[in-house]
Amino acid sequence: MSDVFLKASMRLAHFPAALSRRLSEARRQIREEGERGDNPIVTVILWVAGIGIAITIVAALVALGNRASTKVDNVDLGD
């Protein structure tokens with residue numbers, strides 16, 4: 001067996017134990033310190049929704065402005 005395969009198999013053999021240790025450490029930290037409360041997925045969803053709402057409002061205001069502009073352009077002021 002080549003040296004590369006031996007090293008790869010040893011790393012794979014240690015992976016479940018390392019993952020288990022890391023998960024138990026994370027659980028211990030959450031138990032002791034509590035959950036931080038910041039969920040990055042929720043933060044991204046809120047930012048995207050906020051930007052989307054802002055763009056929608058701006059687009060609606062531009063559309064209303066254009067509509068009002070065309071109505072004012074058609075008014076005969078009696079010059």
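The values are calculated or read from the model by the stated rules, or taken from the named source; none is laboratory data. Just so we're clear, the structure is a prediction, and the values are computed from it rather than from any experiment. With ideal geometry, Cβ positions are generated from the backbone for all residues, glycine too; neighbour counts draw on all protein chains shown. The protein model used for the area step is the full one, side chains on, heavy atoms only, and it has no ligands, DNA or RNA in it. Shrake-Rupley method; radii C 1.70, N 1.55, O 1.52, S 1.80 Å.
In plain terms, the chain from ASP3 to THR56 could stretch by 13.1 nm, reckoned as 0.36 nm per residue minus the Cα-Cα distance.
Placing a pseudo-label 7 Å from each Cα along the Cα-to-Cβ vector at GLU33 and ASN66 gives an inter-label distance of 5.1 nm.
With both labels modelled 7 Å from their Cα along Cα-to-Cβ, the HIS14 to VAL42 distance reads 3.8 nm. The solvent-accessible area of SER69, taken with every protein chain present and a 1.4 Å probe, is close to 50 Å².
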